[in-house]
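The values are calculated or read from the model by the stated rules, or taken from the named source; none is laboratory data. Note that this is a predicted model, so its numbers are computed, not measured. Neighbour counts run over all protein chains shown; Cβ positions are idealised from the backbone, glycine included. The protein model used for the area step is the full one, side chains on, heavy atoms only, and it has no ligands, DNA or RNA in it. Shrake-Rupley method; radii C 1.70, N 1.55, O 1.52, S 1.80 Å.
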Amino acid sequence: MTFYPGPSKLYPQVAQYLQDAYDSGILSANHRSPAFMDLVRETERLLHEKLAIPTDYYIYFVCSATECWEIIAQSLTRRESVHAYSGAFGEKWAEYAARLKPMVVRLPFDLENSVEDETVTTALRAFAQAEVICLTQNETSNGTQVPMSALKIIHETATALSVSRPLLLAIDATSSMAGVDFDWALGDVWFASVQKCFGLPAGLGLLVCSPRARHRAVEIGERGHYNSLLFIHENAAKAQTHYTPNGLGIYLLKRVLEHVPPIADVAERLRRQASDWYRFFDNHPTWKPLVSNPAVRSDTVIAIEGQPVDIKLIKEKCKAAGITLGNGYGAWKDRTFRIANFPAIEEEEIEKLKEVLNYASWD
Ligand SMILES: *Cc1c(COP(=O)(O)O)cnc(C)c1O
């Protein structure tokens, strides 16, 4: 039983899907063959349908979320991107971008704050040359999220700034895509990898782009890399990929998408479970949520703070009960643990973990 926020628990059906993949012969099919192109087309159709992605948004198959950080810097940014973040993944994105482009503006903010706070929006206005605003919708390291209401305000700020120059909004949704109901129109670039809310093994990334993002890629005309966005797009337009793709990952994604309910239903269940988790920890003698501000608490990654000795103890107790907890991350490594609230995790597993957490508080 694992609550690790990536790689995370697989859907149990994946065992059968793996066998089916082998039996179907698709794993030996050439990635430019009609059978494989059908698989790509059907998976894209299911992504649009199940995740309610707007029909005019493009979906590209890539390797990982990390790769998307680079694609955005190399293919959608001429010089300058602005990165607003409260945790380790947002910071890492800024670092990766800085290696590729000369101007990276960092706007770190406190994890209790919401990104649309005045400090960030005022700072955004100050960066007249920026071409992309980079946000982490769900900061896996500290269990915070940028709610859609905050994203709307950033989007409005960006739109107001776009009168004189186009500004794209790029959103790292690695640990929330397929778990949170996005208002896709608020972002130009969304990306994720499948080992979090999709309940699949790692090794496949999804990059979702608006027509505006596509337009930007054409304007810049960057073609220096195997994964230049223009090249990715040209292949995707033929239901192909720009390299020999992770066919097994795409097959498994298709099967999982066939099985999952529409995103609105999944998101509602996770929201309810998350608020149960926060209530549980708000009332717990040993633990408390790392984040106090309910407006920015994540629905999909619950970060819990406690004394390092208690954290060590609870991990041992969980291990003895056959449960893996998520370690703390970055600056919060020793003072926190994390619980994935991903769709593949079942109600009974949550109850089991709650029992262990309660038992630990009696010691
Ligand atoms: C896991 C994660 C990543 C990295 O994903 P990879 O598939 O390893 O590239 C990036 N951003 C966030 C927010 C994540 O949770």
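Things worth noting here:
- Scanning the stretch 240-261 turns up one or more residues that are over 19 Å from LEU39 (Cβ atoms) and open to solvent by 20 Å² or more (accessible area, probe 1.4 Å).
- Among the residues listed as ALA160, ALA213, ALA178, ALA170, the single one being more than 16 Å from the ligand (Cβ to nearest atom) and open to solvent by less than 20 Å² (accessible area, probe 1.4 Å): ALA213
- Taking the criterion of being within 16 Å of the ligand (Cβ to nearest atom) and open to solvent by less than 20 Å² (accessible area, probe 1.4 Å), the residues of the stretch 197-210 that qualify are CYS197, PHE198, GLY199, LEU200, LEU204, GLY205, LEU206, LEU207, VAL208.
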